[in-house]
1. Using only DSSP helix segments of four residues or longer, with each worth -39500 (n - 2.57), what per-residue ellipticity at 222 nm results for the chain after dividing by its residue count and rounding to 500?
2. Can you tell me the Rg and the Dmax, both Å, for the Cα atoms in segment 118-233?
3. What are the extents of the Cα atoms of segment 132-184 along their three principal axes, listed from largest to smallest and rounded to whole Å?
4. Pop a pseudo-label 7 angstrom from the Cα along the beta-carbon direction at both Glu267 and Gln104 and give the gap in nm to one decimal.
5. Report in % the part of the accessible area of the chain that belongs to carbon and sulfur, leaving out ligands and nucleic acids; probe 1.4 Å.
6. Could you go through segment 178-184 in sequence order and give the Karplus-derived ³J(HN,Hα) for each residue, using 6.51 cos²θ - 1.76 cosθ + 1.60 with θ = phi - 60°, rounded to whole Hz, and x for Gly and Pro?
7. Does a label point 7 Å from the Cα of Glu173, set along Cα-to-beta-carbon, have any residues of segment 104-145 with amide nitrogen under 15 Å, and which are they?
8. Kindly write out, for segment 62-70 in residue order, the coupling ³J(HN,Hα) from the Karplus curve 6.51 cos²θ - 1.76 cosθ + 1.60 (θ = phi - 60°), rounded to whole Hz, with x marking Gly and Pro.
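The values are calculated or read from the model by the stated rules, or taken from the named source; none is laboratory data. In this text, all values refer to a predicted model and were calculated from it rather than measured experimentally. Note that we place each Cβ from the backbone using ideal geometry, even for glycine, and neighbour counts take in every protein chain shown. These accessible areas exclude ligands, DNA and RNA; they are computed on the full protein's heavy atoms, side chains included. Shrake-Rupley method; radii C 1.70, N 1.55, O 1.52, S 1.80 Å.
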Amino acid sequence: MRNLFSKKSGSLFAGILALTLLAGCGNSVENAAEEEPSEWDRIQEEGVLTVATSGTLFPTSYRAEGTDELTGFEVEVVRELAERLELEVEFKELGFDEMLTSVQTGQVDLAANDIEVTEDRKDKFTFSTPFKYSYGTAIVRKDDLSGIETLEDLKGKKAAGASTSVYMETAREYGAEEVVYDNATNEVYLRDVSIGRTDVILNDYYLQTLALEAFPELNITIHPNLKYSPSEVGVVMNKDNTELAENVNRVIGEMLEDGTIAEISGEFFAGADVTQKVDIEE
């Protein structure tokens, strides 16, 4: 009887020990998962939102004349966004293509530089709720419209812009020769069209209008008949950072509802409210 009792006791003890070890392992795995911080946790802990922008795109992201101060429509929207999230904001000035790469690799938390929502980009990134609506126009030479009457006339013309922008995609689609700059200022783009080094700049209506106003001496104008591609703009985030997107969208929703973004728009777009959808058929 003693041997039988000992065997049973040993088996019972081994079973209890195994269950205890398994339970301990389960708790360790659960604790490890719980303890691993998310990207949103990291941002909150550091207290800083890192934002890619160009610093050369008037009036979205640029340096005020005679100062070293970075400002612009999206710069100020992001500053207000960060403040409401109780975060500091750190801007990193990058070229357009580098901005998107930096978001994708996690080097920055978001990018804000008049980046349009497209199906292709939505496959790779998360966009915030849109807060700017516009459409495409074309800057051409004033004296001859750069020989362009319709989009089909872009074939063989030299189109200036960022290689991965939706506007350069349109230019390529119609057979234009692309001329790409490395984060150049508006003046460089505009002057090259004026002197015939390039022929056309396809871009957003509001940006083009204000760019023209800034350089009235140049031989350039917005083409009177070319209106295309209604667009939406939001800030861009990494697809994996879902908590950041949730918080950004919550605050942008508040800023749209209380009129803050419309007020910032009026400051940078000569009184226009870019938060309102546009109808290019009007």
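1. -13500 deg cm²/dmol
2. Final numbers for Rg and Dmax: 13.9, 42 Å.
3. 27, 25, 22
4. So the label points at Glu267 and Gln104 sit 3.4 nm apart.
5. C and S fraction of accessible area: 49 percent.
6. Values, residue by residue: 7, 10, 9, 10, 9, 6, 6 Hz.
7. 116-121, 135-138
8. Using θ = phi - 60°, the values come out as 7, 9, 4, 4, x, 9, 9, 7, 7 Hz.
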